[in-house]
Each structure stands twice: as structure tokens, then as C-alpha cells.
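Engineer: Sharing a structure, written as C-alpha cells. Questions coming.
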Amino acid sequence: MKKISYALSFLILYFVSNNVLGQTDYQGQFLIGKNFLKEGKYQQAMDVFLPLTKESEENKFEAYSAYYYSLAALKVGKLNEGKAMVMQIKQRYPDWDKIEDVNYLYANLYFEQQRYFQAVKLLSTLNSKDLKQDADKQKNFYLQKAPIDTLKNLQKLFPNDEVIAKNLVNRLSYAQLNEKDKMLLEYLRQEFKLEKETVEATRASVKKPEYHVAVLFPFMEKQLSPETWGKSYQYVFELYEGMKIAIDSLKKDGVSVVLHPYDTEKDDSKVSQILKSPELVNMDLIIGPIFPANYPLVAEFALKNKISGINPLSNNIKLVEGNPYVFLFQPSLEAQAGRAAEMAAAKFPVEPMAVGTGKKAHTAPERKNVYIFFGQENRDSLLATRYKDSIILKGFAVTQFEKVAKDKLKNMQKLLSDSAKLLGVNHIFIAANDQVIAANFISQMEISKFSTPVITRQEWLQFPLLTFEQFERRNVHFINPDYIDYDSYAVQSFRNTFLKKAYIIPEIYAYQGYDMMRFFGNALKNFGNVFGPGLSAQGFTKGYTLYGFNFTNSNSNLFVPIVKFEGNKMVVANSVDQIK
């Protein structure tokens, strides 16, 4: 019976797609689509509704079919297809009596893409009482997952929105706060008449003569031979060796730290087994695990036992959001985009340019437009989306937001060759970890001879097809959390020490391990074993081999070096006081 059902469904789809059912049987096709939607067969529903969205005098189901197509696309996770169809509905049927339902669905699609500003803005236009109630539930569901910085920005833009205020109050109640955010928390409680919850954000911090640090890394001692381990897991070795060298430096700073290594074997069950060890609850700090999939177990353990924890390599803020005990050593993607946007707003001029000479002289438009391109990787699109939201909040207009692939570069090249439009472009943001895309982009900018500022990922610095001279000519800036001044005495000293101890030249992981252990070791010395509130009030702190750190009201490092070339030398373009 099941086989007959599948065969029948296939035949129906075949006839629908080939229009065999006839020009006048729109209602029958529409009902088939609705039935698929009701049964949770969302892709089949999309296939049936799509041909019904085409305009025809006989077709009375165009608008509804487009709406249900978008709803099915949301359910199956095809968000871009859903949004494209919603935009078509809004253009074709702006006066449709269901347009508010369309906007509600549109907001849902934006929320799923974590485009919080656009979603809330759409929901704020609703007039229907019932839809407003549903909208509040929808907002509350998604905003519980939003980063705290996003909630703070939304609260500024929508100061009368109670749902945003409640979510921000809840998040602030469990975070380490500076004086400014304490005032914001109290203001929101009074303004929206929210009862003060009794929240013990952190336990009392204790300063000790000696601190014990558990290191949960995939040392893989049992599984790998020395040869294989060296090739696949050298970064783990370098990270840990850097930490061990930091222990010696901490002794000179008057801090005694003992490391306790545990092999996670890159396995959840092994991590669970380690967390059951009686000595773990007496640790002052837990560093690791490295892999994001293993980290939630440790984050939960840290919260339950009120022990500080560090994730050394991830930039996913969701791993630590809402947990006052755990931190990302790396800056999150939100922080990277935010710092880049702050630098752009502060450094890139927006005044109109004078063009031509003599009688042909004229003034170009004010440069407030931004082009954003991004590559195929998930990280590319996430960083580009975060940047788009951040730069819009700075008062700029994103006039181009486009995905590019190395085999489809014509449209990007066409845009970059349009001199008239480039005159109004303030800067270009391109997140693409692909040498072909990077080389084509720089080549086109060289041809146009424009020095429109460019912001991109640090990986471009490793591409052999591109030169530092080209980057300087084209005014390219790099989001570079791993920036190191290799000419500095501190870096050269560490390099020599590492070489003597490990017999290899250190890569970036060795420097990260050293700075991470030394930074948090001094946090233990200055603030005790619950150091979050102390770090929150400390502000920017200069690094040792890396550039620096800032954990002001944040569970991740907020300072991100944005670098460029001047005189063929790499320099930091953004200042430490640009964090808002």
C-alpha cells in the first residue's frame, strides 16, 4: 500500500509539473499542495505550488500559492527561496488583505537567518491584534538565542519593545556587568516594571597561593603513532607547549599554576568520563575541549559547579552565551564584524569626491554605500551577514550583498568596473577564503585604479598570487585576530624559548597557547578563581605576543586587530578605544 501511495504522489507531481491536469484545474492542484503541506511533505508542496504562482486570468490561487510555497520553504529550511517568493508577493499584491500574514512569515524567515533587526522591523509594522500577540511569541522565541550585543542594539533601535527589554534584562542578569550596563539593567527594570529576580550570577571569588588548571585536549596518545600525531595534531602540541612556557613566565609574575592534562580523544563519552573525575570539581579553571561539539558538556559542568572555563579556539559565541563562567579566548564572528564596522565608520571618509577638472569638474554623491561579497563557506556568509547588520547600524547603506563563486565572477567584475557607481561606494567588504576569488577581485580593482577601502579575511595574507604591494595600493584591510608583530622583542624572545624547548619553530597556535595561559593566569592572580567580573571591568589589556584582549561585558575577546600595509609594513588600523 505504501508503494502505491508513493507512486501516486510521483504521478501527481509529474502531471502538475507538465501541466497535464489542464489549464483550468487550478483548484485541484492547489488542494493537492495544501494536503502535502498538511502532511509535512514540504518539498512536494513546494513543487506543486510553484507553477500555481504564475499570473494567469484563470488562476485565482496565485497569491495563496505563493504564500504557501514560502511557508513550505521555511519548514524545509530553504530560506532564500522562501524570501524570494515573499518579495514577489509584496511586489505583486501590496494591497492583499493577507499582507500582514505575509510580513509575519517574512519576519520568521529573517529570524531563521539570525537577521534580527530586519525581523523585528517587519513585526513592528503589524496592526492585527492577534498577529501582534503571535509576533511577541515569535520574537521571544528567537531573541532568547540572540547575542547580548545584538539585544543591546535592538533595544536602542526599538526602545519601547517590551519583549526585547525583557530578554535583555534576563541576559544582563546573568552576565558580568560594568557600571554602564548596571545602569541600563536598572533602567529597563524600572521602565518596564520588571520584578528584580534573585540571581546569583557568580560564586564568591577566592585568591589562592596556587591555582590548578585542567587542560582537556585531544592529545590522542592511544590512537596515533608519533608520526601520525605529529602530522595531524601538531597544533595541539604547540598550543600545550605554549601554555607550559607561560607557566614559567607566570612564576616570574608571582603566580603559581599547575596544569593537569586530560586526553579527550575527541570523544563525548571520554569527556563525560573525565568530568566525573572527583578532582575536576576542585579545579580553578578548565581549558578545553578544543572541538565545539565536545564543549557543551564542559560548559554545563562549569555552570553547575561554578568553575571558570575557556574554549581556546572557537569563535562561536553560542557556546558560552548566557553562562557567566565560560569564555571564548578567540573573538566571536559578531565581534569581528562589529570591530570592522567601527573601524570603517571611524576611518573611511564619507565626504563627496571632486571628479574631473575645469568645465567637466563635478562632485560625486556622498559615499555612504557599501558593497558586500561573500564566498561559498558557511563562515563567509555568516561573517558577511554579521557585517551587514553592523554597518547598517552605523548609518551606511548596503547596496550590494552578493554570493560569489570562483567559476561565476562576471557580476562582481562588472560591478567593480563601473566607475560611476564606485564613486559613491564608501568601502567594500569581501569575506571569501578562496585564492581565485581574491586574485580576480584585486586584479579588477587594479584595472579600475580605485583606492576604495576594502575589508577582508586574514587568509588573503597567505595567498601566494597576491603581493603586499598590491594590498597597499588597493587600500586593503584585514580582520586579523592572529596578528603578531614578529619584530617585537617579546615575540622574538618567545620564539627562541619555544625553539629550545620543542625543537621546532612555533606557529600561531604556540603563541595563542602562551598568551591565553599567561592572560588568564594573571586574571587568577588579580581577581581570584572567578575572574569574570574583574575582566569585565578591566577593559583593554595589552597582549604578550598577540595584540591584546578586551572582555568588557563579554564572554569573548572583543578586541580584533584590523591591519593594513603602510610602507610595505603591516600596521594595526583600528584603535583600542573604538569598542562601543
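The values are calculated or read from the model by the stated rules, or taken from the named source; none is laboratory data. These numbers come from a predicted model, not from an experiment. Neighbour counts are summed over all protein chains in view; Cβ atoms, including those assigned to glycine, are modelled from backbone coordinates with ideal geometry. Side chains are part of the model used for accessible areas, which takes the heavy atoms of the whole protein and leaves out ligands, DNA and RNA. Shrake-Rupley method; radii C 1.70, N 1.55, O 1.52, S 1.80 Å.
Engineer: Just from its helices, what would the mean residue ellipticity at 222 nm be for the chain, if runs of 4 or more DSSP H residues each count -39500 (n - 2.57) and the sum is divided by every residue, rounded to the nearest 500 deg cm²/dmol? Before the final figure, lay out each step's value.
Structural biologist: Numbers: 24 runs with 289 residues, N = 580.
Calculated at 222 nm, the ellipticity per residue is -15500 deg cm²/dmol.
Engineer: Let me ask something additional. Using θ = phi - 60° and the Karplus relation 6.51 cos²θ - 1.76 cosθ + 1.60, list the HN-Hα couplings for segment 305-322 in order, rounded to whole Hz, with x at every Gly or Pro.
Structural biologist: Result, ordered by residue: 9, 6, 10, 5, x, 10, 9, x, 10, 6, 10, 8, 5, 5, 5, 10, 4, x Hz.
Engineer: Please report the antiparallel percentage of the DSSP beta bridges confined to the chain, to the nearest 5. Working shown, then result.
Structural biologist: Numbers: 12 of 48 bridges.
DSSP beta bridges in the chain are roughly 25 percent antiparallel.
Engineer: I'd like to know how the chain sits against the 2.2 N^0.38 Å rule of thumb: what's its Cα Rg over that expected value?
Structural biologist: Details: Rg = 27.4 Å, N = 580, 2.2 N^0.38 = 24.7 Å.
In units of the 2.2 N^0.38 Å rule of thumb, it is 1.11.
Engineer: Here's something else I'd like to know. What FRET efficiency comes out for Phe141 versus Lys368 if R0 is 35 angstrom and r is the Cβ-Cβ distance? Round to the nearest 0.05. If you can, show how the numbers build up before the last one.
Structural biologist: Values: r = 34 Å, r/R0 = 0.98.
That pair, Phe141 with Lys368, gives E of 0.55.
Engineer: Between helix 26-38 and the chain, what is the angle of the helix's C-alpha long axis to the longest principal axis, kept within 0 to 90° and rounded to the nearest 10?
Structural biologist: 30
Engineer: Using the alpha-carbon atoms, what tilt in degrees (0 to 90, nearest 10) does helix 179-191 show relative to the longest principal axis of the chain?
Structural biologist: 40
Engineer: How much accessible area does Tyr295 have with a 1.4 Å probe, in Å² rounded to the nearest 10?
Structural biologist: So the heavy atoms of Tyr295 present about 0 Å² to solvent.
Engineer: I've got another one for you. Is segment 43-100 best put as rounded, prolate or oblate by its Cα gyration tensor, with a ≥ b ≥ c the root eigenvalues, rounded for a/c under 1.5, and otherwise prolate when a/b is larger than b/c, oblate when not? Walk me through the intermediate numbers first.
Structural biologist: Details: a/c = 2.12, a/b = 1.28, b/c = 1.65.
Oblate.
Engineer: What shape does segment 472-543 have by the C-alpha gyration tensor, where a ≥ b ≥ c are the square roots of the eigenvalues, rounded means a/c under 1.5, and otherwise prolate means a/b greater than b/c and oblate the rest? Before the final figure, lay out the partial values.
Structural biologist: Details: a/c = 2.78, a/b = 1.25, b/c = 2.23.
Oblate shape, in that a/c is at least 1.5 and b/c is the bigger or equal ratio.
Engineer: Rolling a 1.4 Å sphere over the protein heavy atoms, what is the accessible area per residue of the chain, to the nearest Å²? Please report the intermediate quantities before stating the final value.
Structural biologist: Numbers: 27970 Å² over 580 residues.
Solvent-accessible surface per residue comes out at 48 Å².
Engineer: For Gln400, enumerate residues with amide H under 5 Å from its amide H, sequence gap 5+ or separate chain, H modeled in the peptide plane.
Structural biologist: Val370, Ile372
Engineer: With 30 Å as the limit, write out which pairs from Lys244/Lys276; Lys180/Lys207; Lys266/Lys403; Lys38/Lys60 have Cα-Cα distances beyond it, or answer none.
Structural biologist: Listed pairs above 30 Å: Lys266/Lys403.
Engineer: Please list the non-local residues whose amide H lies under 5 Å from the amide H of Phe217, H modeled 1.01 Å from N, same-chain partners needing a gap of 5 or more.
Structural biologist: Amide H neighbours of Phe217: Tyr262, Thr264.
Engineer: Sticking with this one: If you plug each phi of segment 547-553 into the Karplus form 6.51 cos²θ - 1.76 cosθ + 1.60 with θ = phi - 60°, what whole-Hz ³J(HN,Hα) values come out, in order, with x for Gly and Pro?
Structural biologist: 6, x, 9, 8, 10, 4, 6
Engineer: What part of the accessible area of segment 22-79, given as a whole %, is carbon or sulfur when the probe is 1.4 angstrom?
Structural biologist: 49
Engineer: Right, something else. Give me the tail of P(r) for segment 520-580 as a percent: Cα-Cα pairs with distance above 19 Å. Can you show the working numbers first?
Structural biologist: Values: 665 of 1830 pairs.
In whole percent, the share of Cα-Cα pairs in segment 520-580 beyond 19 Å is 36.
Engineer: Let me ask something additional. Stretched out fully, how many nm does the piece from Gln462 to Asp130 gain, at 0.36 nm a residue minus the Cα gap? Mind dumping the intermediate values first?
Structural biologist: Details: separation 332, 0.36 × 332 = 119.52 nm, distance 5.47 nm.
Length gained between Gln462 and Asp130: 114.1 nm.
Engineer: Okay, moving on. Please list, or write none, the lysines whose alpha carbon is within less than 24 Å of the alpha carbon of Lys129, excluding same-chain residues fewer than 8 places away.
Structural biologist: Those lysines meeting the cut-off are Lys90, Lys98, Lys121, Lys137, Lys139, Lys166, Lys193.
Engineer: Expressed as a whole percentage, what fraction of the accessible surface of segment 474-555 belongs to carbon and sulfur atoms when a 1.4 Å probe is rolled over the protein heavy atoms? Please report the intermediate quantities before stating the final value.
Structural biologist: Working: 1540 of 3150 Å².
Answer for segment 474-555 is 49 percent, counting heavy atoms of protein chains only.
Engineer: Here is a further query. On the accessible surface of segment 104-189, probed at 1.4 Å, how many percent belong to carbon and sulfur atoms? Write down the numbers at each step before the final one.
Structural biologist: Values: 2040 of 4190 Å².
Its accessible area is 49 percent carbon and sulfur atoms.
Engineer: Which translational diffusion coefficient, to the nearest whole µm²/s, is obtained for segment 440-502 from the Stokes-Einstein equation, given a Kirkwood hydrodynamic radius over C-alpha pairs, 37 °C and 0.692 mPa s? Could the numbers behind the result be given before it?
Structural biologist: Details: Rh = 13.9 Å.
Diffusion coefficient, whole number: 237 µm²/s.
Engineer: Report, to the nearest 10°, how far helix 435-448 tilts away from the longest principal axis of the Cα atoms in the chain, using its own Cα long axis and a range of 0 to 90°.
Structural biologist: 80
Engineer: Read phi for every residue in segment 298-304 and hand back ³J(HN,Hα) as whole Hz from Karplus 6.51 cos²θ - 1.76 cosθ + 1.60, θ = phi - 60°, with x for Gly and Pro.
Structural biologist: My calculation for segment 298-304 gives 6, 4, 5, 4, 5, 5, 5 Hz in order.
Engineer: Report the gain in length on full extension from Ser277 to Lys54: 0.36 nm times residue separation, minus Cα-Cα distance, nm rounded to one decimal. Mind showing how you got there, number by number?
Structural biologist: On the way: separation 223, 0.36 × 223 = 80.28 nm, distance 6.39 nm.
Result for the pair: 73.9 nm of gain on full extension.
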